[in-house]
Amino acid sequence: VAALEAGDAAEAERLRDVQRSFIREHLAVWVPQFCDDVEARARTLFYGGLAEVTRQLVASEADWAE
């Protein structure tokens with residue numbers, strides 16, 4: 001946002017690419033399995049639900065990153 005507000009479109013695009021790479025190459029790689037593990041071991045509905053919300057958020061971000 002700061003780059004866009006400063007009128008630096010090239011820096012904003014570079015940062016957007018960094019964000020996309022982080023999502024694709026890091027979060028989307030391990031978060032789904034982690035959420036599966038949390039759901040399988042959760043002793044309360046809260047943590048199972050939190051894992052599902054997290055999975056959906058990362059999936060949505062991964063879709064955006066593609």
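The residue pairs whose first member lies in segment 32-48 and is aliphatic (A, V, I, L, M), whose second member is in a helix (DSSP H, G or I) and open to solvent by 100 Å² or more (accessible area, probe 1.4 Å), and whose beta carbons are closer than 8 Å, counting only pairs six or more residues apart or on different chains, are VAL38/TYR47. Within segment 13-36, can you find the residues that are farther than 30 Å from VAL1 by Cα and loosely packed, with under 11 Cβ neighbours inside 10 Å? Selection gives GLN33 alone.
The set of residues from segment 3-12 being assigned to a helix (DSSP H, G or I) and either exposed (fewer than 10 other Cβ atoms within 10 Å of the Cβ) or touching a strand residue (DSSP E or B) at 6+ places or on another chain (Cβ under 8 Å) (or both) comprises GLU5, ALA10.
Put simply, of ARG24, ARG43 the only residue that is among the basic types (Lys, Arg) and part of a helix (DSSP H, G or I) is ARG24.
The values are calculated or read from the model by the stated rules, or taken from the named source; none is laboratory data. Predicted model only: the values in this text are computed from it and were never measured. Cβ: placed from backbone, ideal geometry, glycine included. Neighbour counts: every protein chain shown. Ligands, DNA and RNA are stripped out before the accessible areas are found, and what is left, the full protein with its side chains, is counted by its heavy atoms. Shrake-Rupley method; radii C 1.70, N 1.55, O 1.52, S 1.80 Å.
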